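What follows is one structure encoded as structure tokens, with my remarks underneath.
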Amino acid sequence: MEDMAPTVHAFDWPDRFVVGTVGTPGDRTFFLQVRTGQEIVSVSLEKQQASALADRIDEVLDTLMAEDGNPFSVPSGTPVELEDTDPLDEPVDDLFRAGTMSLGWDPNISQLVVEAYAIAEIDVDALEPDALELRDGILEIDLEPDELLRVTIPVGSARAFAKRARDVVASGRPVCSLCGEPMEGDHVCELPDGFR
């Protein structure tokens, strides 16, 4: 099977990198959106991916900030001048749906690197036999994503990204304090045994 390198949409220190949504609470689509000049790329993702990415960014930044003397000048909170509450830039055209995501630190440029890989589409009939492998009774398929988004951002912008992502995730439907499920209309929750 001939391996083809994925198309990489790379943005180094973009003008804007945010999580945003289209739709109403309960029916929202989440997007990673990056813009440099007039070039805009939007990638859809799950709400949980946005939340996990924000948490992981803050963990990495907190670890870097805790290094003796805070050598990378990591801010403890979001710098006011970097806060972004504007809606997503139009048009919001979904380039691909994010599957696997990764987060790294590039010490050479002191910036975080966020990567979102497209979910691989499978055409089973076109698969070559060497792309298939049976391990412990499970059929595994060796696939590379066709596209990936790579964004490199400085530490202050990373704090702003994480704060906005958490705010966007939290702005959906309120969560029931008893069952933990989103509340809609006439919410009735299933209480655990022992509750009335």
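Hey, got a sec? Which GluC sites (Glu not before Pro) in region 1-101 land in a DSSP loop and have at most 15 other Cβ atoms within 10 Å? Sites meeting the loop and neighbour criteria: 2, 46, 67, 83.
When +1 charges are put on Lys and Arg Cβ atoms and -1 charges on Asp and Glu Cβ atoms, the dipole computed for region 7-170 relative to its Cα centre reaches about 800 debye. Among 4, 65, the ranking by other beta carbons within 10 Å of each residue's beta carbon, starting with the fewest, stands as 4, 65. Projected over every direction and averaged, the convex hull enclosing the alpha-carbon atoms of region 7-170 yields 12.8 nm². Applying 0.36 nm per residue to the separation of residue 171 and residue 72 and subtracting their alpha-carbon distance, the gain on full extension is 32.5 nm. Which residues in region 143-161 have a backbone N closer than 17 Å to a point placed 7 Å from the Cα of residue 106 along the Cα-to-Cβ line? Residues 148-159 fall inside that zone.
Where a number appears in this text, it was derived from the coordinates with a stated rule and is not lab data. All values derive from a computational prediction rather than experimental measurement. Every residue, glycine as well, gets a Cβ built from its backbone with ideal geometry; the counts of neighbours run over all protein chains shown.
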